[in-house]
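Step one of this worksheet: look at the structure below.
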Amino acid sequence: MSNLVIIGAQWGDEGKGKVVDIYTEYSDDVVRFQGGNNAGHTLVVGEEKIILHLIPSGILHEGKRCIIGNGVVLDPKIFLQEIEGLKKRGYLKDDSQLLVDGNVHVIMPYHRVIDIAREKKSGDKKIGTTGRGIGPVYEDKIGRRGIRINDLIRPDSFARKVKEVLPEKNFFIEKYLGEEPLSADAIIEEYSAYAEELSKYVGCASTEISKSIDAGKKVLFEGAQGSLLDIDHGTYPFVTSSSTVAGGVCTGSGIGPRFIDKVVGITKAYVTRVGSGPFPTELEDEMGEAIRKAGAEFGSTTGRPRRTGWFDAVALREAVRVNGLTGLAITKLDVLNDIDIIKICTAYKYRNEILETFPRDFEILKECTPVYEEVEGWQTDICDAKSIDELPEKARAYIDKMSEVTGCPIVLVSVGPRRDQTIHLSHPFD
Ligand code: GDP
Ligand code: IMO
Ligand code: MG
């Protein structure tokens, strides 16, 4: 048995897509278990760049099965567009490569309308969501009024459910949010067309994953967003609406915890965040701008500039604990190529106290300022390094430092977006 979870260890966009693509070579099934098309996972193959929002990042590998587990929320239009885009580029030749669980909740037009209008109404208190309807669809799931893929593919039950739920949505949309109400007939017509196209992908993720595990196959679970955006363990309320941490794998795909062997956290060699919320090591100066530029830090989903800052070991230790990380994959080390002095935050200062542990109380976190250690930069281009020995000594010292301050072994170092810009320090499934 050997099953591996990939988790974002920061606030998202750590390079999960790239690492999952690389690890797919050693896997049989790749499974998304939470989130929706708020995610944007970038894969670079040669000159080609592919951004996936819903389909697991293993899809470029022929013969590997990609599964969308029940914990995901799915916008059918985006899903079908993504399939079309992949097919046009010569991928996904065999439809049996892709499976969507029937209990996945469907993102409906009213979810997007409510998400966007609520944000607009919140003014400077907004969360900075991706506007994809993620919060509202998870609210309906927990409120037991959601519409699932199994409903969508049954025309009668779908029409009945839309007619049941829409009056309440329209009341809220019109009277509270001041937006135009939606038409049930228009929704039913649009979504019925999607249902016909996507029904061939529908199945049961839990039983299929179990069959793979029983057959001794290797399953890779692909997290979306990051630990600090988790609904319970993140910087609430500035989080997404799903369980992004490793624990979410079990509920979001229908397997028991004993089937998880390893959990690798992906972290950049610095930190980024899109949207609002606390970010103790944020750099709102020229250095922050230089990192944004060198790292091309603009959202893969919304194109928004990402906030940037120094590596935060306090926040990382939180991710190590909450996810039970067995290893760290460090990405975007090359982005720091030109920096002479690199800072690492090893503790926070809160009033007169030094905190080694990430405060889970938002009121305390808001007031924390970073305590930094400095290391010398390598000021050399490392983009072509193929092994750890080819990295300059100062780059290796920085990697060792990240491992030391997080208490977690490093399993991979990425020095560029391409597949061949990857240094393996250990085999993913060993
Ligand atoms: P994800 O959401 O975690 O999959 O990450 P994103 O795809 O949103 O953002 C990561 C970005 O960094 C993408 O544009 C990747 O192509 C790029 N990337 C990944 N690893 C590296 C790396 O080691 N160096 C550089 N320069 N870019 C990288
Ligand atoms: P990947 O998988 C970075 C952020 C949004 C916002 C908050 C809530 O590519 O790492 P939502 O639309 O989910 O209700 O927004 O979460 N967010 C992400 N930030 N990467 C992501 O995904 C994100 N998905 C959501 O910016 O702050
Ligand atoms: Mg992303």
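The values are calculated or read from the model by the stated rules, or taken from the named source; none is laboratory data. These numbers were taken from a predicted model, which means no experiment stands behind them. Heads up, the Cβs are rebuilt from the backbone with ideal geometry, glycines too, and the neighbour counts pull from every protein chain shown.
Going through 272, 302 one at a time, which residue ends up being modelled with pLDDT of 95 or more and within 11 Å of ligand 2 (Cβ to nearest atom)?
Criteria check complete, one pass: 272.
Considering only residues that are part of a helix (DSSP H, G or I), within 14 Å of residue 270 (Cα to Cα) and in contact with a strand residue (DSSP E or B) (Cβ under 7 Å, 6 or more places away or on another chain), look in region 301-320 and name the one that is nearest to ligand 3 (Cβ to nearest atom).
The extreme case among them is 316.
Has region 392-408 got at least one residue that is β-branched (Val, Ile, Thr), over 24 Å from residue 318 (Cβ atoms) and out of contact with any Pro (no Cβ under 7 Å at 6 or more places or on another chain)?
For region 392-408, residues β-branched (Val, Ile, Thr), over 24 Å from residue 318 (Cβ atoms) and out of contact with any Pro (no Cβ under 7 Å at 6 or more places or on another chain): absent.
So, in region 230-262, how many residues would count as being surrounded by fewer than 24 Cβ atoms within 10 Å (Cβ to Cβ) and not in a loop (DSSP other than H, G, I, E, B)?
Residues meeting the conditions: 6.
Residue check, residue 265 against (1) out of contact with any Cys (no Cβ under 9 Å at 6 or more places or on another chain); (2) within 15 Å of ligand 2 (Cβ to nearest atom); (3) closer than 13 Å to residue 9 by Cα, all met but one. Which one?
(1)
Looking at (1) on the phi < 0 side of the Ramachandran plot; (2) away from ligand 3 (no atom under 16 Å from the Cβ), which one does residue 130 not meet, given that it meets all the others?
Residue 130 satisfies all of (1) on the phi < 0 side of the Ramachandran plot; (2) away from ligand 3 (no atom under 16 Å from the Cβ) except (2).
Among all residue pairs at least 6 apart or on different chains, which show Cβ distances below 9 Å where the first residue, located in region 360-376, is within 14 Å of residue 281 (Cβ to Cβ) and the second is modelled with pLDDT of 90 or more and acidic (Asp, Glu)?
370/312
All but one of (1) over 21 Å from residue 20 (Cβ atoms); (2) in the same structural domain as residue 69 (by TED's automatic domain parsing); (3) within 15 Å of ligand 2 (Cβ to nearest atom) hold for residue 222; state the number of the condition that does not hold.
Condition (1) is where residue 222 drops out.
Could you identify the single residue in 101, 75, 95 that is more than 16 Å from ligand 1 (Cβ to nearest atom) and within 17 Å of residue 300 (Cβ to Cβ)?
Only one candidate passes the filter, namely 75.
What is the one condition in (1) more than 16 Å from ligand 3 (Cβ to nearest atom); (2) within 27 Å of residue 300 (Cβ to Cβ) that residue 145 does not satisfy?
Residue 145 satisfies every listed condition except (2).
Go through region 9-42 and count every residue that is assigned to a strand (DSSP E or B) and within 12 Å of ligand 2 (Cβ to nearest atom). Explain how you work it out, then say what you get.
Here is the first cut: in region 9-42, the residues assigned to a strand (DSSP E or B) are 29-32, 35, 41-42.
Now restrict to residues that are within 12 Å of ligand 2 (Cβ to nearest atom): 32, 35, 41-42.
Of the residues in region 9-42, 4 are assigned to a strand (DSSP E or B) and within 12 Å of ligand 2 (Cβ to nearest atom).
Report, by residue number, each residue of region 203-229 that is in a strand (DSSP E or B) and more than 23 Å from the chain's Cα centre (by Cα).
Hit for region 203-229 is 203, nothing else.
With the structure loaded, tell me whether residue 296 is of a type in the set (Gly, Ala, Ser), part of a loop (DSSP other than H, G, I, E, B) and modelled with pLDDT of 95 or more or whether it fails that test.
Against the criterion (of a type in the set (Gly, Ala, Ser), part of a loop (DSSP other than H, G, I, E, B) and modelled with pLDDT of 95 or more), residue 296 qualifies.
Just give me the residues in region 273-288 being surrounded by fewer than 17 Cβ atoms within 10 Å (Cβ to Cβ) and of a type in the set (Val, Ile, Thr), in sequence order.
None - no residue of region 273-288 is surrounded by fewer than 17 Cβ atoms within 10 Å (Cβ to Cβ) and of a type in the set (Val, Ile, Thr), so the list stays empty.
How many residues does region 150-161 contain that are touching a residue at least 40 places away in the same chain (Cβ under 8 Å) and closer than 20 Å to residue 113 by Cα?
So the answer is 1.
Can you tell me which residue is nearest to ligand 1 (Cβ to nearest atom) among those in region 300-314 that are within 30 Å of residue 49 (Cα to Cα) and touching a helix residue (DSSP H, G or I) at 6+ places or on another chain (Cβ under 9 Å)?
Checked region 300-314; the qualifying residue nearest to ligand 1 (Cβ to nearest atom) is 300.
Consider residue 271 against the criteria (1) of a type in the set (A, V, I, L, M); (2) in contact with a Leu (Cβ under 6 Å, 6 or more places away or on another chain); (3) within 16 Å of ligand 3 (Cβ to nearest atom): it satisfies all of them except one. Which criterion is unmet?
(2)
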